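Reviewing the structure listed below.
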Amino acid sequence: MVSFYFRGYMNKSVRTIFQYIFFLGLGIFLTWLSLKGLSKENIAQIKLSLRNARYWLIIPVFIILFLSHFVRALRWKLLIQSLGYNPTNANTFFAVMIGYLANQAFPRLGEVLKCTVLARYEKIPADKLVGTIILERLVDAVTLLAIFGITLAIQPQLYSQLMNTFFSQPDKIDNEKSGIPFWIVLLIVIAVVCLIIAIWMLVKKKKPADVFQAIKKIWHSIIQGVSAVKHLRQPKLFIFYSLALWTLYLSGGYLGFMALQETTIYGIREAFTVLSAGSIGMMATPGGIGAYAYMIKGTMQLYGLNSIIALAFGWILWLAQTAVILIGGIVSFAALPYYNKKRIVSE
């Protein structure tokens, strides 16, 4: 029996390691892909753009990003309070930043680590904190879908631009790009999804009823997670924090446009697109390495921005976010034991 569980644990660990290696490799590949074609002229163009950048904007951008992490900590605290515990704002914030720092190296480790850290210093059972993390992720997923919807609603032409960019026909006369019709793209997506489900059924030896049961379970979890917000002690405050959190993310991208002279012409609509694309990039690889800048580059090219400047802009945004996480995470590691030692003495 022990050997059975040990083998199961080892198999899970090996799968996790391979998944990490795959996504890290994807990030490195995307980094190489975005940088491999740079000529001396391109590098000179980037240097010129950076030379004329407004570096003083780093200060408000850093403040906005730090504030977004603090708001996330306050929102998480509301969920924890619904369990009957009341952690301090400082410990909750430190745990969030340490979790972000761990995620830079190993995805999903941060979620476990921030629960462990807070459980240790606030005497809260770690298994109870895991449930709050799941609820947070469900709310963020729903919010992100809403942001995608807003992005397309305020820019009806964006869909056709995306289709023309990724599904264009280069042999069209007079060089006019013609995108594949929506229904064909939809059929392709449905076919791919069906193929993935079919492979999963064959490998796992599942029946069609199992597929419907899995979909039903996922949908039920989403509904249950969203409806759980109503049962919080302060549901309106939770919704406010959620809106404030994503507004800060949006503001960070919008303010980033002001950093380079070439991007100052862009506004709130483009910021929504950057937020949508950047969120996908951050989830695609550990810490968004490679993927974030690659997604932002492709996004900004839709708006006519020079590909080289678009690449530089993507890396600037990624570096700003990564710097905040590195600084905040390291400071939190150092401050956490000191704060709690001082807290015990004062009590």
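Derivation of every value follows stated rules applied to the coordinates shown; laboratory data play no part. Just so we're clear, the structure is a prediction, and the values are computed from it rather than from any experiment. Using ideal geometry, Cβ is built from the backbone for each residue, glycine included, and neighbour counts are taken over all protein chains shown.
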Near S251, within a Cβ-to-Cβ distance under 15 Å, what is the net charge of the other residues, with Lys and Arg +1 and Asp and Glu -1?
+1
Only counting other Cβ atoms within 10 Å, I'd like F70, F212 sorted with the fewest neighbours first.
F212, F70
Diffusion coefficient in µm²/s returned for region 245-347 by Stokes-Einstein, Kirkwood Rh over C-alpha pairs, 4 °C and 1.567 mPa s, is 87 µm²/s
Exposure proxy ranking, count of Cβ atoms within 10 Å, fewest first, for K297, K216, K128, K114
K216, K128, K297, K114
Would you kindly state how much longer the chain becomes between Q81 and L152 on full extension, computed as 0.36 nm times their sequence separation minus their alpha carbon distance, in nm to one decimal?
21.9 nm
So if we plug the beta-carbon distance of I268 and L237 into 1/(1 + (r/R0)^6) with R0 = 25 Å, what FRET efficiency do we get, rounded to 0.05?
0.45
Sorted by Cβ neighbour density within 10 Å, fewest at the top, the residues D140, D210
D210, D140
Pairs beyond 24 Å (Cα-Cα), from K77/K114; K128/K207; K77/K123; K114/K297:
K128/K207; K114/K297
Note, T263: beta-carbon cut-off 13 Å, +1 each Lys/Arg, -1 each Asp/Glu, net 0
